[in-house]
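Note sheet for the following structure.
Only the coordinates and a few stated rules stand behind these numbers; no lab work does. Computed from a predicted structure; not experimentally measured. Glycine gets a Cβ as well: all are built from the backbone with ideal geometry, and neighbour counts include every protein chain shown.
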Amino acid sequence: MHPNPIFRQTPEARNIAFARAQAFGMLAVEGEGAPLVSHIPFLLSEDGAVAEFHLVRSNPIARALSAPMAARLAVVGPYSYVSPDWYGAEDQVPTWNYVAVHLVGEVELRPQDGMRDLLDRQSAHFEDQLLPKAPWTSDKMTPDVMARMMRQIVPCRMRVDEIHGTWKLNQNKDDDVRLRAAEAVEASGIGVDTGALAALMRDANG
C-alpha cells in the first residue's frame, strides 16, 4: 500500500463497501520459497470482520491449511497510468492512480458440510446482480453431479483483523491540475475501468 498518508484517509466503512462490491481478490499466504497466491471470489460480511470463500481442494493454499494461517486478501479496483503532460503544470513525473483495499487476518478451513450453503450464498450474491435474468441456483444441478463437484472444493473463512485502503487519486495536486488529469485519464487512460477512476479523481477532494 502506498505510504503517503494523503492516499490512506478513506473511512473504513468505504473500504469495506468497496471490498464487498468488488467481491474478488488475490489471497496470499506464506509459502516455502515464495508466497502462495490464489485469485478468488469471496463474500465479506457487512462489518468487514469475516470473508468467506472456497478453494479447489488441490489448490496449494488449501493443501497448506492444516492449521489456520496468516493471510492477506488484496482487492484491486480501477487503475490507470497518468502522464505528466496531462497535469498542465511544470516538473511533474509519471505515476499510476488506483484504488486497492487489503484485508489482513487469519484464514482457516471450515467443515465440509457447510460447502453447499456457502456456494448458494456466493452464487446468489452475483446472480442477484443480473436481474431481470432468473437467478441460477444449485437446485438446477443433477444431485449426483453437484455432490461430486462439491467434493472437489473446500470452504474457507478468513477472520479480518485489519483493513488497509489506498485511494491514490492525485489528492496531492491542486484541484485544477487533478481535474485536468482526470479528463485525460477518461479519454486516454491506460489501465482498467479508467472512466470510473476518472470519476473518483474528480471527487477526490469533494
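A few points about this structure:
- Across every direction, the projection of the convex hull enclosing the Cα atoms of the chain has a mean area of 14.2 nm².
- 3J(HN,Hα) couplings calculated from phi for segment 93-102 with the Karplus curve 6.51 cos²θ - 1.76 cosθ + 1.60 (θ = phi - 60°) are, in sequence order, 10, x, 7, 10, 9, 6, 10, 8, 10, 10 Hz; Gly and Pro show x.
- Within segment 1-31, backbone nitrogen closer than 14 Å to the virtual label 7 Å beyond the Cα of residue 193 toward Cβ: 15-26
- With the convex hull drawn over the C-alpha atoms of segment 87-152, the volume per residue is 186 Å³.
- Angstrom value of the Kirkwood radius, inverse mean 1/r, which spans all Cα pairs in segment 76-123: 15.3 Å
- Rounded to the nearest 20 debye, the dipole magnitude of the chain is 640 debye, with +1 charges on Lys and Arg beta carbons, -1 on Asp and Glu beta carbons, and the Cα centre as origin.
- Chain lengthening between residue 104 and residue 142 when straightened (0.36 nm per residue, less Cα-Cα): 9.9 nm
- Sum of -39500 (n - 2.57) over DSSP H runs of 4+, divided by residues of the chain (222 nm, nearest 500): -8500 deg cm²/dmol
- Across segment 51-94, counting alpha-carbon atoms alone, Rg and Dmax equal 20.4, 56 Å.
- Computed over the chain, relative contact order equals 27 percent, with contacts defined as Cα pairs under 8 Å that lie 6+ residues apart.
- Average projected area [Cα convex hull, segment 1-113], square nanometres: 9.5 nm²
- Full extension of the chain segment joining residue 93 with residue 125 gains 7.4 nm, where the gain is 0.36 nm per residue of separation less the Cα-Cα distance.
- Cα pair distances of segment 104-206 binned at 10 Å [whole percent]: 12, 24, 20, 23, 16, 4, 0
- Vicinal HN-Hα couplings computed from phi for segment 73-86 (Karplus, 6.51 cos²θ - 1.76 cosθ + 1.60; Hz; Gly/Pro x): 10, 9, 10, 10, x, x, 8, 7, 5, 10, 7, x, 5, 6
- Rg over Rh for segment 155-206 works out to 1.19, using Cα positions for both radii and the Kirkwood form for Rh.
- Shown is the FRET efficiency for residue 63 and residue 159, computed with R0 = 22 Å from the Cβ-Cβ distance and rounded to the nearest 0.05: 0.60.
- For residue 16, neighbours were defined as the other residues whose beta-carbon sits under 11 Å from its Cβ, and their charges (Lys and Arg +1, Asp and Glu -1) total -1.
- Potential lengthening between residue 2 and residue 26 on full extension [0.36 nm per residue; Cα-Cα distance subtracted]: 6.9 nm
- Calculated over segment 1-49: convex hull of Cα atoms, volume per residue (Å³): 102 Å³
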